[in-house]
Every structure is written in structure tokens, then in C-alpha cells.
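This report refers to the structure that appears directly beneath it.
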Amino acid sequence: MRQPPHPNSYRDSWCGHLGAERAGSSARVAGWVHRRRDHGGLIFIDLRDRSGLVQLVFHPDMSGSAFAAAERLRSEHVVSVLGDVVAREEGNVNPNLPTGAIELAVTAMEVLSGSETPPFPIDEDVDGLDETLRLKHRALDLRREVMQDTMVLRHRIVKAMRDVLDDRDFLEIETPILTRSTPEGARDFLVPSRLQPGSWYALPQSPQLFKQLLMMGGYERYFQIARCFRDEDLRGFRQPEFTQLDLEMSFVEEEDVIEVMEAVMATVFAVGDFDAPPPPWRRMGYDEALLRFGSDKPDTRFGLEIVELSEALGGSDFKVFQGVLDAGGVVRAINAGAREMSRKDLDGLNEVVQRHGGKAVAWAFVEAEGAWRSPIAKFFSAEQLAAASALLGASEGDLLLFAADRAPVAAAVLGALRLELAERFGLVPEGVHDVLWMVDWPMFETVEGGGLTAIHHPFTAPTGSFDAPEALRSRAYDLVLDGTEIGGGSIRIHTPDVQRQVFEVLGLGPEEAEARFGFLLDAMRYGAPPHGGIAMGIDRIVAILAGRDSIRDVIAFPKTASGGDPLTGAPAPVVAVQLRELGVQSLVDP
Ligand code: ASP
């Protein structure tokens, strides 16, 4: 906090700003009782406001009636005090506190609020505080220093984004929250319309279509700190409502968007004191990432790269591998390095494998002279083992893990095993960060039961020929930080013909496309500029920069994993009359 507060009857200084240069003057401060100590007839209080702490001292002779009142003060009581700033004696200086050279000798105090005993301590960072309790008493939780630091960081990051974009002529424009469904691939939150019974608004999964319309509206460069809503199952890095830095630009190609976002993110990293390598950041193609890292958000900070062994281990008597190869699948493996893992630990990995659609992991330990200790070793010739070992760069003691499956499953399984082992054996080097752009994505992927779906979204510009839509690539890009996707976007389709073709591939006939996206197709008919953009996940970025595992710790009022809010009790049943007004009937008794 840079400026002193405007002096009023509560305060004329921030607690955390009182330094030695103020000694000899008087000051009025206000805040919360952080900690209190009684000491040889004196009462010491650490008083806290957002700027920090200052030590108050109450003296039985000098503090008058404030002394008696101070005896009754407890944690989190709210007071305003007037006092003299006094330099502490040498031995009493606290070098750990910015205000540690002085104390405020209180001459008068007004107690503004009491406080019941808080359900958890505010004055120390206790590990493992019950999160439901924290969320239920969020106002108290937000007072804790870690939370305040995180919220300050969040503000700084968002401000940096705004500043960089403002400098580059971007306009901040709001888009509606009550709108129509935008297909980002998740389920919509729906809001019934009272004025048009039977009709529903959808909360935006992103401002995608509006930002494209803004380009068609001639705004050239738009951004928004946008709230997005997706009704998905929640994991650590997901919330039903989350915040994106959303932007869009006209007359641009991939390089233009990437260059702007590199400028934004380099500033954000600097603001967060985050030691990421400076841009330009390297590009990795989707196919390469899947092949080498088994993921479209590869964590490249450690090895254990995936190696293709279909050729080396093909033509064996091992039915499991050979059956997969004959069916067009692959055999791939990682060299996990010299690891001690018991049979039980290895079996335990099957849980990871199965979670990603595989069946079981095959393993081998490399022994002296290149032999393998493994249930599958006997099926392969010495030459095959040697060839596989060579490809894997294996030496004595190394643990090799294999997956044989359809290529996407083998990739997912080994990608997950890489991460599991990295976690288990602490393979990610401390303080090392990696940023990369994932490029050259396929446009579509096959959905279960056949049919295609857009990997990014249906407004992403495809490249290639519609004669073989499943082979189309797209002009999409994702930004990946330390194995987490922190943002993504694309160059868009800007002609109605191509847009219609994409809808068609997705099984959306002309009539349905017109009904759902007529407004977009219509705007495209009147001169749409080539355009593209990106959206960055602000909650994720703040969490990573703040070193928090959960995005709930960087959102002032988040939801729990079940989508609830222990603070307000949302979501909650409503009274029948509200439903009636909306023309809605509930099938579930709350
Ligand atoms: N609308 C996309 C999303 O929210 C981002 C983009 O394509 O700009 O993921």
C-alpha cells in the first residue's frame, strides 16, 4: 500500500508503514488484534491492517483508560488507537518486522468491534486447516496473510495484463452473462426465463462468439477479464465458474497472437517473481507431444520420454503385444531409470493404467549384460531385448515400463505413468520452469460411438481438405506451463462457407446451424475480417505463481469439489412459487 490513508477519526497511517522516521510523531491506526502479550505490567498488541503489523504498547500510567480496555482485548477485536511513535531500545528491535524499529505507545483507544474466538488461528499459517471450515468462515480465512498475499498477487497479475494490453491498443469490452449456449465442449448452466416461459438462457462457457462478433464489429483488438461457466465434474484445477483473460484480434496470423501473449505472460511472470525462461517460447507439434510425452500438455522438465518399440519388439511369441500390433496398435515404453519398486508397487501402477483406458503395465528390470528380469522377457530374443534396450537407452538397474494398445491409449497410459513416477520419485527439478506452445493440432477427434467433435471449438480455422475431415489440422495453439495448459486459442474461420462445412462435419445441418448460430453466420456474410485470439486461465496462472495446489486458494469465494459453497449454502432449493413464476417444475425433491 503506497499512499497513507486519508486521515479520519479512525486512522491517519497504515499500521505497516510506521517506521523509524516517524519516531517522535503521533499516529492513529486502526485494525485487528493480531496477537497480544502481557509483559511486566505492560500489554503488547500486534495490530494488523492490510498493510501489515505494528506493535502497540499499553502502559498502566501513560495509556489511561485504554490500559484497562486493552486487558479485555482478544484476537480479532477491532480497535482504533492514537499513540506516540517511539523508537524501540536496541535490544528490542525486531528485524523480522518492517515496523520492528518502533512501537506505538498508546494514549487513547476506541474499541470498534468485539470478536468471538475464531474457529482457526488467523495469526499463523497452519498447515492442513480444514478447508470446509475455511470456506464456511471465508471472511476470516481471507484475513490470513497467505490469502491476502495471494489476492494481492492476483490483482497485480490482472493489472499487468490490463496494462500490457492497453499499451497495445486493446479495448476492454464486456459481453453478456445471460446468453445462448456456446459450444466449448462442456455442459451449460441454464437460467430459466420468466418473461419467456419455457425458454432458457445459458451462462457463457466463454465469450467466444461475442469476441468474434466484436471483430466483425470493427473493434480490431478486444480483451476482457471474463467469467466463464462450465458445468463439469470438478478437479483440483477446475471450478464451475472461473476467470479468463479473453482476447481477440483482427487481421492476424498465429504469430501475432502468440507475440502479444508472450508479452503479456512475460510481464505476468515478472510481476509474480516467477523464474520462467523468457520468450519466445518453443513450439511443439501435437503429434510429437503425444508420441514423446503422451500428453497434449507435456511436462518436459524431466526425462522418461516415451519410446516407440513396435518394430523392435514385433514378431514375438508374446501374444499380448503381438495381438495389439496385429490389430494396428503400438508397443511403447519408458525407461523409468534406476528405481526400487516392489512387485506390489508395480501392480499398484495398474490403477493409473486402467484410469487411462489401459489394462495392465508390463515391466522389466535391466540386469547385468543386458538381460531383463521380467515376466515377459522369455518371449523375446536376446537381439530384440538388446534393440529395445538400446532405443530406451537402458543400463543395468533401470526399470522399463511398457504399454501395448491403440496408439492414443498407449500414449495416455505412458503419459500418466511418467507423471506418476515423477511425483513419486521427485523427478521434477526444484525451481525449474518450462513454457511451450502446443501447435499443429488435429481439427477433430472421434467421439465414442463414432462421429467427430472439434478438439478446440468449431470456430477454429481448419487447414487441409474437407474431403477427409478426420485428417484436417487446425490453426490452434495452447500455452503450456510446467505440464499445465494455461491458455489456448486459434485463428478463426471468417467465411460462412467454411463455417458451414465445419458444422456439417459435426453433424449440424444447415437448418440447425442457422437456428443455433445464425447470428454468427449472418455477421460473417457482411465482411468479416480474418481474426484470431486466445484465452488464458487466470485462476490457474495465479495458483501456479503463488505456489498453491488448488485454484480454490486463489479465488476469493470458490466452490468445493461438489460445486457447493459452504459459505452461502449455494446451490440451494428455492420456494415453489419461484419455480411457478419461471414456469419450471422440479423432478427432484430437495
Ligand atoms: N474460447 C476458447 C476457450 O475458452 C479460447 C479461444 O479460443 O480464444 O477455451
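Convex hull of alpha carbon positions in the chain: directionally averaged projected area 36.3 nm². Counting heavy atoms of the protein chains alone, Arg37 has an accessible area of about 100 Å² for a 1.4 Å probe. Heavy-atom accessible surface of Val353, to the nearest 10 Å², is about 0 Å², with a 1.4 Å probe and all protein chains retained.
For the range 31-121, the Cβ-based charge dipole about the Cα centre amounts to some 260 debye (Lys, Arg positive; Asp, Glu negative; other atoms uncharged).
The Cα atoms of the range 284-428 give a gyration tensor whose axes a ≥ b ≥ c have a/c under 1.5, which makes the shape rounded.
Placing dummy labels 7 Å off each Cα toward the beta-carbon, the span from Leu391 to Leu171 is 5.6 nm. Taken one residue at a time, the phi angles of the range 423-434 give Karplus couplings (6.51, -1.76, 1.60, θ = phi - 60°) of 5, 5, 9, x, 7, 7, x, 4, x, 9, 10, 9 Hz. Gly and Pro are set to x.
Based on the Kirkwood approach, the hydrodynamic radius assigned to the range 354-473 is 17.9 Å, with every pair of different Cα atoms included.
Say R0 is 45 Å: what FRET efficiency, to the nearest 0.05, do Thr568 and Ala471 get from their beta-carbon distance? Given R0 = 45 Å and the Cβ-Cβ separation, E is 0.35.
Scalar couplings 3J(HN,Hα) for the range 242-250, obtained by applying the Karplus form with A = 6.51, B = -1.76, C = 1.60 to θ = phi - 60°, are 8, 10, 10, 8, 10, 9, 8, 9, 9 Hz; x denotes Gly and Pro.
Out of the total accessible area of the range 294-395 (probe 1.4 Å, heavy atoms of protein only), what percent is carbon and sulfur? About 51 percent, which is the carbon plus sulfur part of the accessible surface.
Heavy atoms of the protein chains alone define the surface here; on that basis the chain has 49 Å² accessible area per residue at 1.4 Å probe size. Taking the protein heavy atoms of the range 1-81 in the context of the full set of protein chains, the accessible area attributed to carbon and sulfur is 51 percent at 1.4 Å. Under the rule a/c < 1.5 gives rounded, and otherwise a/b versus b/c splits prolate from oblate, where does the range 68-208 land using the Cα gyration tensor? Cα axes put the range 68-208 in the prolate bin.
Taking R0 as 45 Å, what's the FRET efficiency between Lys359 and Ser115 from their Cβ-Cβ distance, rounded to 0.05? Once the sixth-power term is evaluated, E becomes 0.20. Computed from the Kirkwood radius of its Cα pairs, the Stokes-Einstein diffusion coefficient for the range 407-476 at 20 °C and 1.002 mPa s stands at 144 µm²/s. The range 69-125 and the range 7-46 have their alpha-carbon centroids 6 Å apart. Applying the Kirkwood pairwise sum to the alpha-carbon positions of the range 445-590 produces a hydrodynamic radius of 19.3 angstrom. Share of carbon and sulfur in the accessible area of the range 157-220 stands at 50%, probe radius 1.4 Å. Applied to the range 268-284, the Karplus parametrisation 6.51 cos²θ - 1.76 cosθ + 1.60 on θ = phi - 60° returns per-residue 3J(HN,Hα) values of 4, 4, 5, 4, x, 6, 9, 7, 8, x, x, x, x, 9, 6, 10, 10 Hz, with x for Gly and Pro. Past 21 Å, Cα to Cα, is the threshold; run Lys297/Lys359; Lys297/Lys319; Lys319/Lys378 against it and keep the listed order. Over 21 Å Cα-Cα: Lys297/Lys359; Lys297/Lys319. Computed from the C-beta positions of Asp233 and Glu288 and an R0 of 41 Å, the FRET efficiency is 0.85 to the nearest 0.05.
The values are calculated or read from the model by the stated rules, or taken from the named source; none is laboratory data. Bear in mind the structure is a predicted one, so any value in this text is a computation, not a measurement. Neighbour counts run over all protein chains shown; Cβ positions are idealised from the backbone, glycine included. Only protein heavy atoms, including side chains, enter the accessible area calculation; ligands, DNA and RNA are left aside. Shrake-Rupley method; radii C 1.70, N 1.55, O 1.52, S 1.80 Å.
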